[in-house]
There are 2 protein chains.
Amino acid sequence: MSTFGYRGPVSDRPFHHGNLRAVLLDQAETVLRERGIDALSLRELAREAGVSHGAPRSHFIDRNALLDALAERGFVRLADEIRDAVSRAPGDHARVLRAAGSAYLRFAVREPALLDLMFATKVDGPSGAVRSAAERLFDTMTGIMGVGVEAGAYDAGDVGRLTLLLSATVQGISALVTSRRIPTPQGEALVDDAITIFLAGVSAVR
Amino acid sequence: MSTFGYRGPVSDRPFHHGNLRAVLLDQAETVLRERGIDALSLRELAREAGVSHGAPRSHFIDRNALLDALAERGFVRLADEIRDAVSRAPGDHARVLRAAGSAYLRFAVREPALLDLMFATKVDGPSGAVRSAAERLFDTMTGIMGVGVEAGAYDAGDVGRLTLLLSATVQGISALVTSRRIPTPQGEALVDDAITIFLAGVSAVR
DNA sequence: ACCCGAAAGTAGACATTGACTAGTTTCTAG
DNA sequence: CTAGAAACTAGTCAATGTCTACTTTCGGGT
């Protein structure tokens, strides 16, 4: 990797890594996925990136800052995946919701520790970046639900509340699955049930 | 290490603490509540209990074992509180469910870090003790829901699934509140909405 | 009453880690 | 070209979890 380092330190590695921040985040995500949050060490990340143990500090003031960045990226990716799944699944509103919920659960199963991080209780609440990334996810969900208004599934004034409710439900099911309270297939069935009952309930109540 | 001769330690503190395990758990719970999980240190707990830093090892082989014990106690207490709230709130089935959901959310707000712990993703799944404590909570919920069967709210064969669904929903709402995505009062309103829609949906679907 | 093993606790050691600091190298804007 | 900022190195420190060897106390069986 010494493309141009005609005069690096001891090794031929250039002084500046180039994109250390992104590499650290990627590696951290892998560690999180494979060995859990307790195994996530700044020093180990630095070692594997081939930089000194102090280098990460230029990009993340704290271990916590690294975790926040991971959570933020998590929200962005989750929103992307949900949008993707929805766009790939045209059809009636129920089908769309199922696709969204299913994508959410898939993400949870693939990245359980990351999801934990995303909804972790912080002493002083979430950082600004995490909060706004979470809000963007919520906006995505709201957009999906909004289609139901046009389809006559619910009133425009209720979309916010109902989006929150359905999101919470899917998040709760995901928590049951990732904490191994129920197996994944049962979680998937539960998502379907949830959406069926949700839609029936909403239309019955109003 | 007979630096202090044949007598006990310098202080008049007896060699055996007496109920160190319980004291450690209580203190740990307080730390968890007030300063979060990152501030939870075995050595600090030992210091404040007035024992050596190795003493906790007699009761908890690991920091993880301590956390498991906390999670287990958390499930037991949550189940107790829900039973309590339900017993104190007679009335129709909807009211009972609201009392249960409300108690769940109150617990979550009071002990957010503990709830995180209870549903944390562990690399190798929950320990046996945690798992069975969680199952006892689920049994409690099932019992509450079972009353609805007699009241004709749902079929006996659906109780398991529906209990899971409602539990997940309340857990998800709690996660939204403890992660500061929504304020507590909104969470409370959401629990009410959830139960209303749930009951309406269930009776509409079957 | 005694003994002996198990349980509970002490103390010391060790590697690892997060965090901080001072100094060095590279980049970049003016 | 240069000055200052950004990125990185290297050293240090206190704290922690974990392990081990040892000591004290407890309690049951004879």
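Bear in mind these aren't lab numbers, they're just calculated from the coordinates by the rules spelled out. Not measured: the values here are computed from a predicted model. With ideal geometry, Cβ positions are generated from the backbone for all residues, glycine too; neighbour counts draw on all protein chains shown.
Observations, loosely collected:
- Which numbered condition A:Thr121 fails, given (1) of a type outside the set (Phe, Trp, Tyr); (2) facing chain B (nearest Cβ under 10 Å); (3) buried (at least 23 other Cβ atoms within 10 Å of the Cβ): (3)
- Test: residue in region B:162-175 that is farther than 30 Å from A:Asp139 by Cβ and of a type outside the set (S, T, N, Q): yes
- Scanning region A:28-73 for residues that are in contact with a helix residue (DSSP H, G or I) (Cβ under 7 Å, 6 or more places away or on another chain), within 11 Å of DNA strand C (Cβ to nearest atom) and of a type in the set (Gly, Ala, Ser) yields a count of 5.
- Screening the candidates A:Ala89, A:Ala134, A:Ala100, A:Ala65 for the property of being within 14 Å of chain B (Cβ to nearest Cβ), of a type in the set (A, V, I, L, M, F, W, C) and away from DNA strand D (no atom under 16 Å from the Cβ) yields one hit, A:Ala134.
- The listed residue being more than 10 Å from chain A (Cβ to nearest Cβ) and not acidic (Asp, Glu), out of B:Gly172, B:Gly187, B:Gly128: B:Gly128
- For region A:99-136, residues that are among the basic types (Lys, Arg) and under 17 Å from A:Ala85 (Cα atoms) total 3.
- Options A:Gly101, A:Gly74, A:Gly125; residue that is over 30 Å from B:Leu40 (Cα atoms) and not acidic (Asp, Glu): A:Gly101
- Candidates A:Gly143, A:Gly152, A:Gly148, filtered to the one that is more than 9 Å from every other protein chain (Cβ to nearest Cβ) and part of a loop (DSSP other than H, G, I, E, B): A:Gly152
- Scanning region A:105-122 for residues that are assigned to a loop (DSSP other than H, G, I, E, B) and in contact with a helix residue (DSSP H, G or I) (Cβ under 7 Å, 6 or more places away or on another chain) yields A:Glu111, A:Phe119, A:Ala120, A:Thr121.
- Evaluation of B:Leu45 against the conditions (1) surrounded by fewer than 19 Cβ atoms within 10 Å (Cβ to Cβ); (2) within 13 Å of DNA strand D (Cβ to nearest atom) shows that the sole unmet condition is (1).
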